[in-house]
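Down below is the structure, laid out as structure tokens.
The values are calculated or read from the model by the stated rules, or taken from the named source; none is laboratory data. Just so we're clear, the structure is a prediction, and the values are computed from it rather than from any experiment. Cβ coordinates were reconstructed from backbone atoms using ideal geometry, including for glycine residues, and neighbour counts include every protein chain displayed. Keep in mind that these areas ignore ligands, DNA and RNA; they rest on the heavy atoms of the full protein, side chains included. Shrake-Rupley method; radii C 1.70, N 1.55, O 1.52, S 1.80 Å.
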Protein chains: 2
Amino acid sequence: MAADTLINDFELPFQLYDVLDAESLCESSKFAEHNRGTFDAVLDTANKIATDLFLPHNHVADKNEPQFDGKKVSMIEDVKVAFDAFRDSGFIAGRYSFDDGGMQLPETLMTAVTGYFMAANPATTAYPFLTTAAINVLAHFASNDIKNAFMPRMLTGEFTGTMALTEPHAGSSLADIRTTAVKQADGSYRVKGSKIYISGGDHELSDNIVHLVLAKVPGGPSGVKGISLFVVPKYRLNEDGSVGIRNDVHLTGLLHKLGYRGTTSTALSFGDDNECYGYLVGEEHFGLRYMFKMMNEARIAVGFGAAMIGYRGYQYSLAYAKDRLQGRIAPNNKPEHDATAIINHGDVKRMLLAQKAYSEGGISLCLYGSNLIDRINTCEDETLKSELSELLDLLTPVLKAWPSEYGPKANDLGIQVLGGAGYTREYFAEQFWRDNRLNPIHEGTNGVQALDLSFRKLWQNDGLGIQILKREITKDLESINTPESAQLVAKQLPYMEHLHEVLVHLSKTLQTEKVITLTGNAQALMNIFASIVVSWIWIRQASKAEQLLGTTNDIEKQNFYQGKMQAAKYFIDWELPTIKRDIELLMNDNSICTDMQADWF
Amino acid sequence: MAADTLINDFELPFQLYDVLDAESLCESSKFAEHNRGTFDAVLDTANKIATDLFLPHNHVADKNEPQFDGKKVSMIEDVKVAFDAFRDSGFIAGRYSFDDGGMQLPETLMTAVTGYFMAANPATTAYPFLTTAAINVLAHFASNDIKNAFMPRMLTGEFTGTMALTEPHAGSSLADIRTTAVKQADGSYRVKGSKIYISGGDHELSDNIVHLVLAKVPGGPSGVKGISLFVVPKYRLNEDGSVGIRNDVHLTGLLHKLGYRGTTSTALSFGDDNECYGYLVGEEHFGLRYMFKMMNEARIAVGFGAAMIGYRGYQYSLAYAKDRLQGRIAPNNKPEHDATAIINHGDVKRMLLAQKAYSEGGISLCLYGSNLIDRINTCEDETLKSELSELLDLLTPVLKAWPSEYGPKANDLGIQVLGGAGYTREYFAEQFWRDNRLNPIHEGTNGVQALDLSFRKLWQNDGLGIQILKREITKDLESINTPESAQLVAKQLPYMEHLHEVLVHLSKTLQTEKVITLTGNAQALMNIFASIVVSWIWIRQASKAEQLLGTTNDIEKQNFYQGKMQAAKYFIDWELPTIKRDIELLMNDNSICTDMQADWF
């Protein structure tokens, strides 16, 4: 693979067409205008723009992060050039209907499209992606007035979007936000408060920035039930819709991040002069519910991005391992023998296989999640639709947390494959590692995801989600009739039993005072659940690869399929068994963590 | 603990006096001049210098790394001030005899001394530490002429030292170095070649830099058997010993590292004008053997440093977790209840406990290793002496690799505890993480350590090392009569059996063609072996803490002991069982990694 190849040419077609049968989406009326030809054209365009305009400045932007002179934010020119090309491609509106000026493409395909950009340059990619996420909320929940005012120019990228949730004193704890919004006679609100870690919160890439701001309307319920959602534009709009004067929202400073440096991370102040106009989205006090709709899809995007950064680090270290000559292997291990490429050493293979298993596992997992959204959106059977929605809801914490836990692990191994070179900034392995470190933190920390899974998602609607998941897994596994994949199934099934036992046990624990132990063991439960899900995702890939292996004489394709099968075997033998520890902890209601007292540290 | 407290006041006294009984070393003639009073005075001095002069510029030096203008290397002034204070303290010669102008202190104590400096500022600390390491080689292997010429001024820090092993084309593969040394009529050599990643390879902190350079004398054996060791000073010495003209060794450039930025990492060119004078250490072709003597002790230092950086990140995130209010805990989880410090959340406790287990486990492990050196050096029974040397040899890869694998994991969790703040450079958690990422790479990558353990150390001298280790562990565990620690022993013993089974199995595998699988599974064997060793190290701490718990009414001490016991329980329940996966892999001679073909990736 050449150094500027972002994704192996076989990878996305395999995931989309072989594993997911994404072409079948074109049978639905929604996607009837599309076919594999149009899908491929879209992917090619994405690949080209990402390769030509996003990739070249990925490291330049890291070394030259945005600056704030007290008035304006400046950044290297390349970001604007790339952003404009993304705008012009129409990708911001890719998911939207032809009527809205969009391409009416499935979520599955749009997720694949984002893969090229995340691999090439996650920091620049954040600007259009945040805009897409904000549009998503407005499209679902805003009044027509608000939609008409902002959405068309967001869909073209003339306006960009942000999500302004976090406040300096309240990170994960949204119940405690203090930003207020007071209703005025004209129906608009005046917003006042401070937000922090707002990505894309200021820049000069677009004509306007549309902040989606969580705030409390005085007199509302306390806690999360009193949170409302507002559109707060950087510039107010004139009567005719043109961009007007500055709204009273100001950048108080840029945060200096460890990675992802090309994306501005901002502290924003709203209403210093009591003139910050905000427009209510939907109804008062429903803000968090609206925001979660967006966050759930943003969570898949975070997981997929983490997998892609992991994948990029994998490919980077793979190219190095093929090129770097060092050491010898028996029986050719005399000094007079030539040195071998390090990829031939067993421990280097282990590090590369792990990277492959983590990153391609994450990619496949998140594409499954995206495909689920399409299945839900095109489903005509209401029962099935709600079942699949329940499944998506159950999987969302996994789609976010697993790739964002293992993508960074892949990047860590990528550094290790390079050795000393990996520790220098003259090579790029370290940037992937720094960039990806964000993903376990934002869009709900992985700790929050584990709690969401352990205390809510596994149990809601009487555990309907897990029933549907078992049905999906069983359907796949029972259909497997290729010998090597069948062996993987045989190894995986006992863990399905263990999961069942753990859940039966926990359903009792939750009724006792031992429930507290689960706050300390939630990560262990996430490990169990996510590892079982990803092992299934890997078996799906392996069985498809095994089927296809005999159908081609193309040696490169054969190698690709062999690699898929080997990575699945690696996952089943090396990764899945690590959850034995977690199963034991949960079956015993292990209380080591929650017994620990703050004063004992 | 105040923000500028480097190490909990109870920690080192507990490790040194309670766990290791370091005072008993004073019964030997070598350390007869010392007692706990002199030890404590030395520790206090180290703590004071580290806190006052090393800590304040740790982050400043990271943000302002050394610069090379083509002639000289410049760096912030604080480094020189700190280095000079370290020199003046006499610590460089701390291990050396009173006759050599040293303090004749045990290795155990000197390792503890380094703890303060590594916690405060690992990058600045590297300069004197590398000097100590270089002295160590000269003291053991150099001729009196060389010793007299260089050692006294290295012991005072007027001269500093480096280890110049790695070459651009040969990292871990020292057999392939190309630097040559040609003998001259006067007995000196002319050195020619290139070295890379030489820490402290140039700077203006000292009057001279003494490079210890691996090179090949033409006509010698091929491979590692043809490597010799040379002293190559930056400045040649005049007849009278005074510093003379520049030697023909030049800085070709600084490497720009991901972390540890305060330490210059250099590319050096030797003999561009064929005038690079080098002086043979010991005999020709024995260079690697000499260097390994130094490297083995350097490996303990790397492990201990990794544990200390991990410890610092733990303390930093602990202080944050006690201070940061967020969320609520049932039954006080209504919006009107006050927010709680995040240290009270189960998942945060888990992350802090893991950090504690990793960092204090590493500290205790490496102090055990240092103490072993003292036991060897003061041992009058030759049989015991060689047994303990064998044990040290066996443990060396673990002393290096385990803390440098888990120290960075602690720093990763440290970032996670801080959440969004942890991802910004406004907080320091990220620097600890970047600094510590070096440690799995240098002084033999952790992959090399795993191979060293798997193919050499476990088997040499008919497995004498492992026999001695079992004897040491059994002696400790059988003496435990406190109830909670006895439970830990009961959980640990089955793993000792498993280790035995694995080794019996591998002794057979090594005789078959399946031996190749062990190159892919070496890391799994390291996991098993290291986890069992560290579980013993934790049980030693727990049982001592349990003994002492009842002997004091001091609530702070009681808390400290409780914390030790809880961290040991955490290690036994949460960390040790992860090796079940590894045991299975090895017992099956799992071949997933080595079966993987380069073309399949």
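Mind checking which residues of region B:391-411 are surrounded by fewer than 24 Cβ atoms within 10 Å (Cβ to Cβ) and over 16 Å from B:G362 (Cα atoms)?
B:L391, B:D393
Checking B:A401 against (1) within 10 Å of chain A (Cβ to nearest Cβ); (2) out of contact with any Lys or Arg (no Cβ under 6 Å at 6 or more places or on another chain), only one condition comes out false. Which one?
Condition not satisfied by B:A401: (1).
Being open to solvent by 10 Å² or more (accessible area, probe 1.4 Å), part of a helix (DSSP H, G or I) and more than 18 Å from B:Q449 (Cβ to Cβ) is the filter here, so list the residues in region B:372-390 that pass it.
Step one: of region B:372-390, the residues open to solvent by 10 Å² or more (accessible area, probe 1.4 Å) are B:373, B:375-387, B:389-390.
Next cut, part of a helix (DSSP H, G or I) only: B:373, B:375-378, B:382-387, B:389-390.
Correct list: B:I373, B:R375, B:I376, B:N377, B:T378, B:E382, B:T383, B:L384, B:K385, B:S386, B:E387, B:S389.
Consider B:V348 against the criteria (1) part of a helix (DSSP H, G or I); (2) away from chain A (no Cβ under 12 Å): it satisfies all of them except one. Which criterion is unmet?
(2)
Go through (1) in the same structural domain as B:L353 (by TED's automatic domain parsing); (2) open to solvent by 10 Å² or more (accessible area, probe 1.4 Å) one by one and return the number of the condition B:N439 breaks.
With (1) in the same structural domain as B:L353 (by TED's automatic domain parsing); (2) open to solvent by 10 Å² or more (accessible area, probe 1.4 Å) applied to B:N439, the lone miss is (2).
Could you say whether any residue in region A:317-330 is in contact with a Leu (Cβ under 8 Å, 6 or more places away or on another chain), in contact (Cβ under 8 Å) with a residue 40 or more places away in the chain, open to solvent by 20 Å² or more (accessible area, probe 1.4 Å) and more than 10 Å from every other protein chain (Cβ to nearest Cβ)?
yes
Of everything in region A:26-57 that's part of a helix (DSSP H, G or I) and among the polar types (S, T, N, Q), which residue is most open to solvent (accessible area, probe 1.4 Å)? Show your work before the answer.
Taking region A:26-57 first, the residues part of a helix (DSSP H, G or I) are A:26-27, A:36-57.
Next, only the ones that are among the polar types (S, T, N, Q) stay: A:38, A:45, A:47, A:51.
Details: A:T38: 45, A:T45: 62, A:N47: 44, A:T51: 31 Å².
My answer is A:T45.
If we scan region A:571-588, do we find a residue that is closer than 28 Å to A:Y368 by Cα, more than 9 Å from chain B (Cβ to nearest Cβ), of a type in the set (D, E, K, R) and open to solvent by 10 Å² or more (accessible area, probe 1.4 Å)?
no
Taking B:A357, is it over 18 Å from A:A522 (Cβ atoms), of a type in the set (A, V, I, L, M) and buried (at least 23 other Cβ atoms within 10 Å of the Cβ)?
On the way: over 18 Å from A:A522 (Cβ atoms): yes; of a type in the set (A, V, I, L, M): yes; buried (at least 23 other Cβ atoms within 10 Å of the Cβ): yes.
For B:A357, the condition - over 18 Å from A:A522 (Cβ atoms), of a type in the set (A, V, I, L, M) and buried (at least 23 other Cβ atoms within 10 Å of the Cβ) - is met.
Return yes when B:V42 is in contact (Cβ under 8 Å) with a residue 12 or more places away in the chain and closer than 30 Å to B:G253 by Cα and no when it is not.
On the way: in contact (Cβ under 8 Å) with a residue 12 or more places away in the chain: yes; closer than 30 Å to B:G253 by Cα: no.
Here the answer is no, as B:V42 does not meet what is asked.
Taking B:D338 as the residue in question, decide whether it is part of a helix (DSSP H, G or I), within 14 Å of chain A (Cβ to nearest Cβ) and open to solvent by 30 Å² or more (accessible area, probe 1.4 Å).
Working: part of a helix (DSSP H, G or I): no; within 14 Å of chain A (Cβ to nearest Cβ): yes; open to solvent by 30 Å² or more (accessible area, probe 1.4 Å): yes.
Answer is no for this residue.
Among the residues of region A:221-270, which ones are open to solvent by less than 30 Å² (accessible area, probe 1.4 Å), within 14 Å of chain B (Cβ to nearest Cβ) and part of a loop (DSSP other than H, G, I, E, B)?
Of everything in region A:221-270, those that are open to solvent by less than 30 Å² (accessible area, probe 1.4 Å), within 14 Å of chain B (Cβ to nearest Cβ) and part of a loop (DSSP other than H, G, I, E, B) turn out to be A:L258, A:G259, A:Y260, A:T263, A:T264.
Give me the pairs: first residue in region A:510-535 and without any contact (Cβ under 8 Å) to a residue 40 or more places away in the chain, second residue surrounded by fewer than 23 Cβ atoms within 10 Å (Cβ to Cβ), beta-carbon distance under 7 Å, and six or more apart or on different chains, which are they?
A:V515/A:T509
Condition first: open to solvent by 10 Å² or more (accessible area, probe 1.4 Å) and either of a type in the set (S, T, Y) or over 30 Å from A:A321 (Cβ atoms) (or both). Now tell me which residues in region B:189-201 satisfy that.
Of everything in region B:189-201, those that are open to solvent by 10 Å² or more (accessible area, probe 1.4 Å) and either of a type in the set (S, T, Y) or over 30 Å from A:A321 (Cβ atoms) (or both) turn out to be B:R190, B:K192, B:S194, B:Y197, B:S199.
Name every residue in region B:273-308 that is among the small types (G, A, S), open to solvent by less than 10 Å² (accessible area, probe 1.4 Å) and outside any helix (DSSP H, G or I), in order of residue number. Give the steps one after another, and end with the answer.
Here is the first cut: in region B:273-308, the residues among the small types (G, A, S) are B:278, B:282, B:287, B:298, B:301, B:303, B:305-307.
Those left that are additionally open to solvent by less than 10 Å² (accessible area, probe 1.4 Å): B:278, B:287, B:303, B:305-307.
Correct list: B:G278 only.
Condition (residue is open to solvent by 60 Å² or more (accessible area, probe 1.4 Å) and within 19 Å of B:A450 (Cα to Cα)) applied to region B:515-525: is it met by at least one residue?
Let us first name the residues in region B:515-525 that are open to solvent by 60 Å² or more (accessible area, probe 1.4 Å), namely B:516.
Of the ones still in play, those that are also within 19 Å of B:A450 (Cα to Cα) are B:516.
Scanning region B:515-525 turns up at least one residue that is open to solvent by 60 Å² or more (accessible area, probe 1.4 Å) and within 19 Å of B:A450 (Cα to Cα).
Here is a yes/no grid of residues against (1) closer than 25 Å to B:L395 by Cα; (2) touching a strand residue (DSSP E or B) at 6+ places or on another chain (Cβ under 8 Å):
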| position | (1), (2) |
| --- | --- |
| B:F286 | yes, yes |
| B:G313 | no, no |
| B:Q326 | no, yes |
| B:A339 | no, yes |
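Would you mention how many residues in region A:441-478 are on the phi < 0 side of the Ramachandran plot, of a type outside the set (A, V, I, L, M) and touching a residue at least 60 places away in the same chain (Cβ under 8 Å)? Please lay out each step first, then the result.
Step one: of region A:441-478, the residues on the phi < 0 side of the Ramachandran plot are A:441-442, A:445-460, A:464-478.
This time we only want the ones that are of a type outside the set (A, V, I, L, M), so: A:442, A:445-447, A:449, A:452, A:454-457, A:459-460, A:465, A:467, A:470-472, A:474-476, A:478.
Checking the rest, the ones that are also touching a residue at least 60 places away in the same chain (Cβ under 8 Å) come to A:442, A:445-447, A:449, A:454-455, A:457, A:460, A:465, A:472, A:476.
The number of residues fulfilling the criteria is 12.
Can you tell me which residue within region B:410-462, out of those that are of a type in the set (D, E, K, R) and within 22 Å of B:D582 (Cβ to Cβ), is nearest to the other protein chains (Cβ to nearest Cβ)? Don't jump to the end; show me each part of the working.
Going through region B:410-462, the residues of a type in the set (D, E, K, R) turn out to be B:412, B:425-426, B:430, B:434-435, B:437, B:443, B:452, B:456-457, B:462.
In the following step, the residues that additionally are within 22 Å of B:D582 (Cβ to Cβ) were identified as B:412, B:452, B:456-457.
Values: B:D412: 8, B:D452: 12, B:R456: 14, B:K457: 16 Å.
Here the residue is B:D412.
Just one of (1) touching a helix residue (DSSP H, G or I) at 6+ places or on another chain (Cβ under 6 Å); (2) in a helix (DSSP H, G or I); (3) surrounded by 18 or more Cβ atoms within 10 Å (Cβ to Cβ) trips up B:E23, so point out which.
Evaluating B:E23 over (1) touching a helix residue (DSSP H, G or I) at 6+ places or on another chain (Cβ under 6 Å); (2) in a helix (DSSP H, G or I); (3) surrounded by 18 or more Cβ atoms within 10 Å (Cβ to Cβ) leaves (3) as the failure.
It is to be established whether one or more residues within region B:469-482 are closer than 28 Å to B:V504 by Cβ, in contact with a His (Cβ under 9 Å, 6 or more places away or on another chain), at pLDDT 95 or above and surrounded by fewer than 20 Cβ atoms within 10 Å (Cβ to Cβ).
Going through region B:469-482, the residues closer than 28 Å to B:V504 by Cβ turn out to be B:469-480.
Still in the list and also in contact with a His (Cβ under 9 Å, 6 or more places away or on another chain): B:470.
With the extra rule that they be at pLDDT 95 or above, the set shrinks to B:470.
Applying the additional criterion that residues be surrounded by fewer than 20 Cβ atoms within 10 Å (Cβ to Cβ) yields B:470.
Yes, region B:469-482 contains at least one residue that is closer than 28 Å to B:V504 by Cβ, in contact with a His (Cβ under 9 Å, 6 or more places away or on another chain), at pLDDT 95 or above and surrounded by fewer than 20 Cβ atoms within 10 Å (Cβ to Cβ).
Working carefully through the options A:G361, A:G407, find the one that is within 14 Å of another protein chain (Cβ to nearest Cβ), under 20 Å from the mean Cα position of the chain (by Cα), assigned to a helix (DSSP H, G or I) and more than 24 Å from B:A175 (Cβ to Cβ). Before the answer, list the steps.
Values: A:G361 fails: within 14 Å of another protein chain (Cβ to nearest Cβ).
That would be A:G407, the only listed residue that is within 14 Å of another protein chain (Cβ to nearest Cβ), under 20 Å from the mean Cα position of the chain (by Cα), assigned to a helix (DSSP H, G or I) and more than 24 Å from B:A175 (Cβ to Cβ).
If you scan region B:422-431, which residues turn out to be open to solvent by less than 10 Å² (accessible area, probe 1.4 Å) and farther than 8 Å from B:G259 by Cβ?
The initial filter retains those residues of region B:422-431 that are open to solvent by less than 10 Å² (accessible area, probe 1.4 Å), namely B:422-424, B:429-431.
If the condition is that a residue be open to solvent by less than 10 Å² (accessible area, probe 1.4 Å) and farther than 8 Å from B:G259 by Cβ, then B:G422, B:Y423, B:T424, B:A429, B:E430 are the ones that fit.
Suppose we filter region B:483-501 for residues that are within 18 Å of B:E575 (Cβ to Cβ) and touching a residue at least 24 places away in the same chain (Cβ under 8 Å); how many remain?
Here the count works out to 10.
Collect the residues in region A:442-459 that are in a helix (DSSP H, G or I) and open to solvent by 40 Å² or more (accessible area, probe 1.4 Å), keeping them in residue-number order. Show your work before the answer.
Here is the first cut: in region A:442-459, the residues in a helix (DSSP H, G or I) are A:446-457.
Across region A:442-459, the qualifying residues are A:V448, A:L451, A:F455, A:R456.
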